[in-house]
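What follows draws every value from the coordinates through simple rules; no lab data is involved. Note that the structure is predicted; figures quoted are calculated from it, not measured. Reconstructed Cβ throughout: ideal geometry from the backbone, glycine too, with neighbour counts over all protein chains shown.
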Amino acid sequence: MDHLKSLSSYFSMFLENAILFNEQKMQFQSVLEVLAASIDAKDPQTAGHSSRVAQYTVGIASELGFNEDDIDMLNVAASAPRLRKARDGRPNPEKRRAIDPGGV
């Protein structure tokens with residue numbers, strides 16, 4: 001009976017940790033999305049582009065059979081340019097021409 005109690009305690013702790021880990025993962029994803037949305041909102045010409053890149057990245061990885069951990073990592077990597085843009089500010093006219101030659 002003592003073994004059953006200790007096993008029960010172990011499983012309870014395991015489940016609680018799994019729930020906390022999942023919540024932490026969801027909070028991290030939310031922070032990335034909020035940062036990306038605030039960055040995209042500063043430049044109407046590129047608004048929504050960042051989220052579309054992440055969606056395509058995740059969709060392609062899913063279709064190719066990537067596992068969930070790799071898909072999560074690719075999603076974060078697809079967010080990196082958005083975060084770099086926040087640091088660098090708007091692209092200068094030369095960079096903008098490289099991105100959209102007809103738009104400048």
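With r as the distance between the Cβ atoms of residue 58 and residue 19 and R0 = 22 Å, compute the FRET efficiency 1/(1 + (r/R0)^6) and round to 0.05.
That pair, residue 19 with residue 58, gives E of 0.40.
In this simple spin-label approximation, residue 41 and residue 72 carry label points 7 Å from Cα along the Cα→Cβ vector, and these lie 2.7 nm apart.
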